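Okay, so here's the structure we're looking at.
The values are calculated or read from the model by the stated rules, or taken from the named source; none is laboratory data. These numbers come from a predicted model, not from an experiment. Neighbour counts are summed over all protein chains in view; Cβ atoms, including those assigned to glycine, are modelled from backbone coordinates with ideal geometry.
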Amino acid sequence: MNKPQSKPKNPNFSSGPCAKPPGWSLEGLDDAALGRSHRAAVGLEKLRNVIDTSKELLGIPDDYRLAIVPGSDTGAIEMAMWSLLGQRGVDVLAWENFGQMWVVDIIKHLSIEDSRVMDAPYGEITDLSSVDCNRDVIFTWNGTTSGVCVPNGDWIDPNRDGLTFCDATSAVFAMELPWNKLDVVTWSWQKVLGGEAAHGMLALSPRAVQRLESQTPSWPMPKVFRMTSKGKVDEALFRGATINTPSMLCVEDAIFALEWARSVGGLKGLVSRSAANLNAVAEWVEKTTWVEFLPKNPATRSCTSICVEIAEASGLDTEALKNAPKYISSLLENEGVAYDLNNHRAAPPSLRIWGGATVETADIKALLPWLDWAFTQYTNQTN
């Protein structure tokens, strides 16, 4: 096979930090409040802009609270777990690396004895029908390292007694979320909208706020996790008064990304862009014998972290199958075609193509012939 002539215009296919929005440039951040206090009027206005615009674009209910918190999505979900768990038993769903991290937090660090771990191998998903929503439930909406997502929220009881904690960092702005069934939702800026890292977002339902105000955790609470003052929710936190000092350059970058999101049609446009990216890969997989999706069920295939593996039908032996993704990823990086395609370190050998809304479908389509070419190069050198 000859080397393809056309390359993706943007070779960034990382699953985080992700590709910047089309048209992004440093000049677009000229209005950043650099050198100013985040407590000053100008700083607070920009922080509130991020909160208010996020709520508007995502359709978050008016009575939900949204805050900017430290530590990216990891900080946001751990802040919620440390603050809200302990009142009842927990079902923690784990079908990839990050769900497994929350298992460690709950069992080893918070030592919640009444915990049920409901796991599944990479490429599969937990039996959602067995989840008990009268317990607290913790899950990732989209498994960034496995390419497996929750198909919908039908399994969540609308009349539940427990709280649902949803790590949605690689789903929000790319997939529709049933907000009325989610009590805690977390994400970070560096995923679907291509923002910068280290800042998390935390959304709380009224039920979550009621829990927050009605219990005192039995474990120590670091300052960066504290959301209450004198037994009441700290409302200032949800109006832009962050716990720690944010990067005002990153805040400006987040504002740019949100305005870009509005310009492409808001949530509907973002979801459509991500779906088109998955569809382009799916059409290629269907006609390509050497590759298959890591998630076999189409209903649970992610449109953001699109994971494919080398098929046994490729004719490669076990060792060659294991080494192929790393070879392909390295070769395409050296060619300047695509960066960061190799699987997450905890995932089985596979290729992970980020399909979030900031990635142009034309770039996905330009990448696919290069994957065929790289696989041909690999098979030639292994024979």
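Hey, can you tell me all the residues within segment 5-38 that are in contact with a Gly (Cβ under 8 Å, 6 or more places away or on another chain) and over 19 Å from residue 248 (Cα atoms)?
7, 11, 18, 19
Tell me, which residue of segment 90-102 that is surrounded by 19 or more Cβ atoms within 10 Å (Cβ to Cβ) and not in a strand (DSSP E or B) is nearest to the chain's Cα centre (by Cα)?
Out of the qualifying residues, it is 98.
Check segment 308-324 and report whether any residue there is surrounded by 15 or more Cβ atoms within 10 Å (Cβ to Cβ) and closer than 30 Å to residue 177 by Cβ.
Yes; the residues of segment 308-324 include at least one that is surrounded by 15 or more Cβ atoms within 10 Å (Cβ to Cβ) and closer than 30 Å to residue 177 by Cβ.
Looking only at segment 225-248, count how many residues are of a type outside the set (S, T, N, Q), surrounded by fewer than 16 Cβ atoms within 10 Å (Cβ to Cβ), closer than 18 Å to residue 82 by Cα and touching a helix residue (DSSP H, G or I) at 6+ places or on another chain (Cβ under 7 Å).
Number of matching residues: 2.
Out of (1) surrounded by fewer than 19 Cβ atoms within 10 Å (Cβ to Cβ); (2) in a loop (DSSP other than H, G, I, E, B); (3) not β-branched (Val, Ile, Thr), what's the single condition that is false for residue 129?
(2)
Tell me which residues, restricted to segment 40-50, are crowded, with 16+ Cβ neighbours inside 10 Å and either small (Gly, Ala, Ser) or touching a Gly at 6+ places or on another chain (Cβ under 6 Å) (or both).
43, 44, 47 - these are the residues of segment 40-50 that are crowded, with 16+ Cβ neighbours inside 10 Å and either small (Gly, Ala, Ser) or touching a Gly at 6+ places or on another chain (Cβ under 6 Å) (or both).
So which of 42, 50 ends up being without any contact (Cβ under 8 Å) to a residue 12 or more places away in the chain and either under 11 Å from residue 201 (Cβ atoms) or assigned by TED's automatic domain parsing to the domain that holds residue 125 (or both)?
When all the criteria are applied, what remains is 42.
Restricting attention to segment 19-69, report how many residues are of a type in the set (Gly, Ala, Ser) and closer than 19 Å to residue 187 by Cβ.
Result for segment 19-69: 4.
Give me the pairs, please: first residue somewhere in segment 195-220 and under 22 Å from residue 62 (Cβ atoms), second residue anywhere and of a type in the set (Phe, Trp, Tyr) and at pLDDT 95 or above, beta-carbon distance under 7 Å, and either six or more positions apart or on two chains.
From segment 195-220, the pairs are 201/187; 203/64; 204/64; 205/64.
Give all pairs with beta carbons closer than 7 Å in which a residue from segment 15-38 that is in contact (Cβ under 8 Å) with a residue 40 or more places away in the chain and over 24 Å from residue 147 (Cβ atoms) meets a residue that is among the basic types (Lys, Arg) and crowded, with 16+ Cβ neighbours inside 10 Å; count only pairs at least 6 apart in sequence or on separate chains.
33/46
Within segment 301-313, identify whether any single residue is over 23 Å from residue 9 (Cβ atoms), touching a Gly at 6+ places or on another chain (Cβ under 6 Å) and modelled with pLDDT of 95 or more, and answer yes or no.
Yes, the conditions are met somewhere in segment 301-313.
Only one residue in 6, 25, 15, 37 is surrounded by 15 or more Cβ atoms within 10 Å (Cβ to Cβ) and among the small types (Gly, Ala, Ser), so which one is that?
Exactly one of 6, 25, 15, 37 is surrounded by 15 or more Cβ atoms within 10 Å (Cβ to Cβ) and among the small types (Gly, Ala, Ser), namely 15.
If we scan segment 119-126, do we find a residue that is in contact with a strand residue (DSSP E or B) (Cβ under 6 Å, 6 or more places away or on another chain), over 18 Å from residue 218 (Cα atoms) and not in a strand (DSSP E or B)?
yes
If I ask for residues that are surrounded by 19 or more Cβ atoms within 10 Å (Cβ to Cβ) and over 25 Å from residue 292 (Cβ atoms), which ones from segment 136-166 would you list?
Within segment 136-166, 136, 137, 138, 139, 156, 162, 163, 164, 165, 166 meet the criteria.
If residue 83 meets every condition in (1) of a type in the set (Gly, Ala, Ser); (2) surrounded by fewer than 24 Cβ atoms within 10 Å (Cβ to Cβ); (3) in a loop (DSSP other than H, G, I, E, B) apart from one, which number is that one?
The failed condition is (3).
Which one of these does residue 201 not meet: (1) surrounded by fewer than 24 Cβ atoms within 10 Å (Cβ to Cβ); (2) out of contact with any Cys (no Cβ under 6 Å at 6 or more places or on another chain); (3) under 20 Å from residue 51 (Cβ atoms)?
(1)
When residues of segment 329-374 are filtered for being crowded, with 24+ Cβ neighbours inside 10 Å, of a type in the set (Val, Ile, Thr) and not in a loop (DSSP other than H, G, I, E, B), how many remain?
Residues meeting the conditions: 1.
Please state which of the following conditions residue 72 fails to meet, knowing it meets all the rest: (1) surrounded by 22 or more Cβ atoms within 10 Å (Cβ to Cβ); (2) more than 30 Å from residue 132 (Cα to Cα); (3) of a type in the set (Ser, Thr, Tyr).
(2)
Of (1) in a helix (DSSP H, G or I); (2) farther than 30 Å from residue 225 by Cβ; (3) of a type in the set (A, V, I, L, M, F, W, C), residue 307 satisfies all except one. Which?
Only one criterion in (1) in a helix (DSSP H, G or I); (2) farther than 30 Å from residue 225 by Cβ; (3) of a type in the set (A, V, I, L, M, F, W, C) is unmet by residue 307, namely (1).
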